[in-house]
Amino acid sequence: MAVNKTKILVIDDEKDLCFLFKKILTPEGYTVFTALNGYDGIKINQKSDPDIILLDLKMPGINGIETLRRIRKKDPDVIVIIITGYGDAETIRDAAELNVYEYMAKPFNNETVMKILKEAVASKDKDD
């Protein structure tokens, strides 16, 4: 099996979901960082320089859109995949303006997550 050096940051206030992502992605060779709120996500993003961010929109403190705005100031090219159970038209528009790669609605299945991540990694490899 080829070594996968892709780093993924999961920013979601649901601890179980962060654990799930770590559990399904680590055996695939991904390095997974997790943050339970936007502020921690911004800090971890600065330290870990992930290739892909999985970002929830509805979180206490600062929401996903504001978190993404702050991350984009430092890292305009990081691939961001929105994961949310709350998708209204305005939020989708805001996310699109911030260059989001994909938009996944909760609940989702693991196969869908893996497919989207593999496509995102492939698109990143093409850009490098």
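General observations
- Residue check for residue 24: touching a residue at least 40 places away in the same chain (Cβ under 8 Å), of a type in the set (Val, Ile, Thr) and in a strand (DSSP E or B): no
- Residue 76 being part of a loop (DSSP other than H, G, I, E, B), open to solvent by less than 10 Å² (accessible area, probe 1.4 Å) and not charged (D, E, K, R): no
- Residues within segment 98-114 that are among the charged types (D, E, K, R) and surrounded by 12 or more Cβ atoms within 10 Å (Cβ to Cβ), tallied: 2
- Test: residue in segment 33-49 that is open to solvent by 20 Å² or more (accessible area, probe 1.4 Å), part of a helix (DSSP H, G or I) and touching a residue at least 40 places away in the same chain (Cβ under 8 Å): no
The values are calculated or read from the model by the stated rules, or taken from the named source; none is laboratory data. As the structure is a prediction and not an experimental result, all values here were calculated from the model. FYI the Cβ positions are ideal-geometry reconstructions off the backbone, even for glycines, and counts take in every protein chain you see. To get the accessible areas, we keep the full protein, side chains included, count just its heavy atoms, and leave off ligands, DNA and RNA. Shrake-Rupley method; radii C 1.70, N 1.55, O 1.52, S 1.80 Å.
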